[in-house]
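Bear in mind these aren't lab numbers, they're just calculated from the coordinates by the rules spelled out. These figures come from a predicted structure and were not determined experimentally. Backbone-built Cβ (ideal geometry, glycine too); neighbour counts: all protein chains shown.
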Amino acid sequence: MDVISREDFIKATGTMRFPSLVTFIMKSIKIDALNQMMAEAGELKGIAFAKFVFVFLKIKINLDPEELENIPKTGAFIIVANHPYGAVESLALMELLLTYRPDTLFMGNFLLKRLPHLADHIIAVNPFEKIRHSSSVSGLKLTLCKLRSGTPVAIFPAGEVSAFDLKTLSVTDRKWHPVVGKLIAKAGVPVLPIYFHGNNGVAFSLLRYIHPSLQTAMLPAELFNKRNQTIKISIGKLQGTTSIPMAYQDPKLLQVLREKTYCLADRSFD
C-alpha cells in the first residue's frame, strides 16, 4: 500500500483533470520513490525502520561519541531539537534515542501515527496552532503522563521545518511554540538539547513565503536529496539538573532552551 497514493495526491492538489501532470509531479518530487522505499521496508518498525532508510539512502551519522554520555540512562527527560530538514533528522533522532533509551517516545504530527513503521513510538498531536483540537489535548495529557512515569519524550518545538528568516537572513527554526514551553514547565523534568547541523538550503526555505504547503510537498524530495550525505549531530548537556538549573519560567524558559540548542552549532567536527 502506497504511503501517498495517486488518489490522495489528486485530492490534495486538485489535479484530477491533468493525469499526465500528476504522473510527472509525483515522480519529480519523489513521491513515487518514497512509496517504493516504504514498500521495500516491509514491516520494519522503529529503530529497524530508521536504520533501513539510512542504509537505503546511504546516509551516515556523525557525532562525538563522548556526547552520548549526556543521554540519561534512566528516568524521564525531554529532548528538544531544531528541525532543519523535515524527515532525515526525525529518523536520526529516533535511531539515536531508541538505541540508548528504547522507551523514548516522540511527539509528532498525527499523520505520523498512521504509518505502521513509526506508530508505536509516536504521541500524536495536531500542529501546535490547532492545539485546542481534542486529539492535541489528549496528546499533551499523554505526554505528561508518560513523563511522570519515567519515559523520555522528544519534541521539535518549532512544529515545522526551518525556513529562511528575513530578520536574521539565515535558515533557522521559526519561533518555538509557547505550548512546548508550558509543557516543559509543567513536566518539571530535565531537558536535553540536540542540534542538527545544516539545512535544506535557501531555495527550499523560501518556499514558505510562496505557500507553506510547497515546503511540505517538497519534503520527500529533500529526503532523497540527502542520499550519500552525512548528518552531523551535537548533543548538549542536560538542562535542569543541580549543576545546570533551569530557574526560568515559561516563556523565558523556552527562549533559554532554544539558545542552548543553537549554541551547539559552533561545535566542530573532524
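Between region 1-77 and region 152-200, the alpha-carbon centres lie 21 Å apart. Name the shape class, rounded, prolate or oblate, that the alpha-carbon gyration tensor gives for region 45-266, where a ≥ b ≥ c are the square roots of its eigenvalues, rounded holds for a/c under 1.5, and otherwise prolate holds if a/b is larger than b/c and oblate otherwise. It comes out rounded by the Cα gyration axes. In a DSSP loop and with at most 16 other Cβ atoms within 10 Å, the trypsin sites (Lys or Arg not before Pro) in region 46-110 are K58, K73. Helical content alone sets the calculated 222 nm signal of the chain at -12000 deg cm²/dmol, taking -39,500 (n - 2.57) per DSSP H segment of four or more residues and averaging over every residue. Taking the chain as a Gaussian network of alpha-carbon nodes connected by springs under 10 Å, the highest mean-square fluctuation of the residues A81, A217, A50 belongs to A217. About its Cα centre, region 45-266 has a charge dipole of approximately 540 debye under the convention of +1 per Lys or Arg Cβ and -1 per Asp or Glu Cβ, with nothing else charged.
Other residues lying with their Cβ under 14 Å from the Cβ of L57 contribute a combined charge of +2, Lys and Arg counting +1, Asp and Glu -1.
Calculate how many DSSP beta bridges within the chain are antiparallel, expressed in % of all such bridges and rounded to the nearest 5. Mind showing how you got there, number by number?
Numbers: 7 of 23 bridges.
Percentage antiparallel, nearest 5: 30.
For Q239, nonlocal amide neighbours, meaning residues 5 or more places apart or on other chains whose placed amide H falls under 5 Å from its own, are V191, L192.
Once the Cα atoms are used to define both axes, helix 178-187 deviates from the longest principal axis of the chain by about 40 degrees.
The angle between the Cα long axis of helix 134-148 and the main principal axis of the chain comes to about 40°, on a 0 to 90 degree scale.
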